[in-house]
Amino acid sequence: MTINGLDWNSVDDVLLDMDGTLLDRDFDNFFFEEELPRRYAALHRLSEQAAREKLFALYRAVEGELAWTDLHYWTRTLGIDVVALTQELSGRIGYLPGAEAFLQGIRAKRKRVTVLTNAHAEGVTIKCQKTGVDKRVDRIVNAFEVGCLKMRSDYWPACQKLVGFDPSRALYIDDDEACLAAAQAFGIRHIYHSARSSTKLPAHPSDLYAPLENLQALIS
């Protein structure tokens, strides 16, 4: 059966991003763009604007590297226990609309479901404790297990070796176009863009990849 251009009979493996695809990216946006700069400002007696500018420059300096999502790196760099702060604010962690129904529907189709995330293992653990997403999928693979982030070309052959999927029979959904581009270059057959990564922001459909504002549309 073909839905939104997808023939489910041609899919064995469903590869899913976590933050911004299954889980609401509002948590991460709030954490890194608002609360962490606020805590840094208080710790170092800076204005919140000065703290934001300092932290955003630090983020950009390691964007695309494992340090970008390494909670221990940020703890050392900022002098704030970022793991503890993640736990403190975990009440804001939740699913995107339609994500839970999508996971249930995929289970009914008997597809293997693997979450591929750039997130650090300790952050993943906290999000699993809050949402139970690990109980709804077959496996969660963080980028530190693979050795690099998903937008890197060397991620995908290493990930394939680790997980064991056939790219020609795989579906991949992510809100990051750079990650989708790397997956497409590797030969992942079915590529979709999560167009509404946060419930607090409007949708931003991709011009390059088939957009989904709600994952449930793929199984409805």
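Taken together, the values in this text are just the output of simple stated rules run on the coordinates, not laboratory data. Note that the structure is a prediction, hence the values are computed from the model and not measured. So basically every Cβ, Gly included, is an ideal-geometry build from the backbone, and we count neighbours across all protein chains shown.
Across the cross-link table entries K111/K135; K127/K161; K54/K127; K54/K130; K127/K200, which are compared at the Cα atoms, the separations over 24 Å belong to K127/K161; K54/K127; K54/K130.
With neighbour counts taken as other beta-carbon atoms within 10 Å, the residues S153, S206, S197, S47 rank, fewest first, as S47, S153, S206, S197.
Overall shape: oblate for the stretch 75-156, with the ratio a/c of the largest to smallest alpha carbon gyration tensor axis at 1.5 or above and b/c at least equal to a/b.
The Rg/Rh ratio of the stretch 27-91, with Rg taken over Cα atoms and Rh as the Kirkwood radius over Cα pairs, comes to 0.93. At an R0 of 25 angstrom, the distance between the Cβ atoms of E34 and R139 translates into a FRET efficiency of 0.20.
With contacts taken as Cα pairs under 8 Å at a separation of at least 6 residues, the stretch 27-91 carries a relative contact order of 23 percent. Once divided by 2.2 N^0.38 Å, the Cα radius of gyration of the stretch 1-110 becomes 1.41.
In sequence order, the stretch 135-151 has phi-based couplings of 7, 9, 10, 7, 6, 10, 10, 8, 4, 6, 5, 7, x, 6, 7, 5, 7 Hz under the Karplus curve 6.51 cos²θ - 1.76 cosθ + 1.60, θ = phi - 60°, and Gly or Pro positions carry x. Computed from the Kirkwood radius of its Cα pairs, the Stokes-Einstein diffusion coefficient for the chain at 20 °C and 1.002 mPa s stands at 119 µm²/s. For the stretch 34-142, the relative contact order is 22 percent, taking Cα pairs closer than 8 Å that sit 6 or more residues apart in sequence and dividing their mean separation by the residue count.
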